[in-house]
1. Enumerate by residue number the trypsin sites (Lys or Arg not before Pro) in segment 193-263 meeting two conditions: DSSP loop (anything except H, G, I, E, B), and at most 12 other Cβ atoms within 10 Å of the site's Cβ.
2. Are there chymotrypsin sites (Phe, Trp or Tyr not before Pro) in segment 62-116 that DSSP marks as loop and that have at most 13 other Cβ atoms within 10 Å, and which are they?
3. Please report the spacing between the Cα centers of segment 132-189 and segment 294-323 in Å, no decimals.
4. Number of Lys-Lys pairs in segment 66-214 under 16 Å by Cα, sequence gap 8 or more or different chains?
5. How many nm separate the modelled label positions at Leu254 and Gln227, each set 7 Å beyond the Cα in the direction of the Cβ?
6. Considering only DSSP beta bridges whose two residues both sit in the chain, what percent are antiparallel, to the nearest 5?
7. R0 = 30 Å: FRET efficiency of Arg2 with Thr84, Cβ-based, nearest 0.05?
8. Where in segment 68-100 is the amide nitrogen less than 11 Å from a point lying 7 Å along the Cα-to-Cβ axis of Ser57?
Amino acid sequence: MRNMLAAVHEQYGPPEVVRLMEVPKPVPSKKQLLIRVAATTVNRTDCGFRSAAYFISRFFSGLFKPKFKVLGCEFAGIVEEVGTEVSKFQIGDKVVGYDDYRFGGHAAYIVKAEDVVTLAPSNLSLEQAAALTEGAHYALCNLRAAKVKQGDKVLVNGGTGAIGSAAVQLAKYFGAEVTAVCHEQHQDLLLSLGADSAIAYNLHDFTAVEECYDLVFDAVGKSSFDQCKSILKDNGYYISTELGKRAENVLLALASKFKKGKKVLFPIPSINQQDLVFLTRLAEAGKFKPLIGRIYPLEEIVQAYHYVESGQKIGNVVIRILQ
């Protein structure tokens, strides 16, 4: 049986539980593609399932040990084999995909059903395309939940992260006026991504500004609804990517369904093939480009995990697999 190199975790824990191993190369079924992975990412989804810091994740990934030992929820690569019942793709196609149920991207090869992949944007390298989906689908889900539209004022806290940098670009696409919050050294970067203005959190408290917003989107989960109430419009929304203290954001979102005025939303993220196509078309139109912070070889994936969890990450962290 042919083998391949993969980053494997056989128990939950810190980045060091991940190690490189030779594992059997997967064989596609009649409804699957065999994809040679060119690049993948390490992101907060991978980190969460590797550490199982939120115990609830174990109900999906395995109660006592990981059910799927090779992480990597987003990937880009080249189709090498197609099953007999695959109709949308052919050998040689460059594709991008997302799968946060079975994962598998941290390996030289992956097999996937054709409904979790789409053709990669023609104007992005496969390393760039690998970072197209994880942060962007969180951002897209939240912006849709808040019904962001032309003329809305949106504030994005954590604008340099994978989610925040995607939210800035997608909110602009929907026609919003976007204010991004970041360290002062990254203000020009966020303006280059399309933000109309940028607030330096190390110089100013963004919750104390005089402006009011239709949506305050905390893409790093470092604020609270109470802190942001004063900068929300009367019918404005607050969304955080974190549960909040004692899961308050979930509870406040449930309570918000029964009241008027300023509300907390806590949408459950989801992605389908239509969303993949939407993001790739935006990328091809020059309306969205994933922000890449660092690129590591697969052999340095443990260092990549440490960087992602350092709290200092900029953009997406790509893992190069195909040399």
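1. Details: sites: Lys222, Lys229, Lys233, Lys245, Arg246, Lys257, Lys259, Lys260, Lys262, Lys263; in loops: Lys222, Lys257, Lys259, Lys260, Lys262.
Answer by residue number: Lys257, Lys259, Lys260.
2. Filter output for segment 62-116: Phe64, Tyr101.
3. For segment 132-189 versus segment 294-323, the Cα centre distance is 22 Å.
4. Numbers: Lys69/Lys112; Lys88/Lys112; Lys94/Lys112; Lys147/Lys172; Lys149/Lys172; Lys153/Lys172.
Final tally of qualifying lysine pairs is 6.
5. 2.4
6. Working: 33 of 60 bridges.
Just about 55 percent of them are antiparallel.
7. About 0.90, to the nearest 0.05.
8. 72
Quick note: the coordinates plus some simple rules give every number you see, no bench work behind them. Computed from a prediction, not measured in an experiment: that's the story for all the values here. All Cβ positions, even for glycine, are placed from backbone atoms using ideal geometry, and neighbour counts span all protein chains on display.
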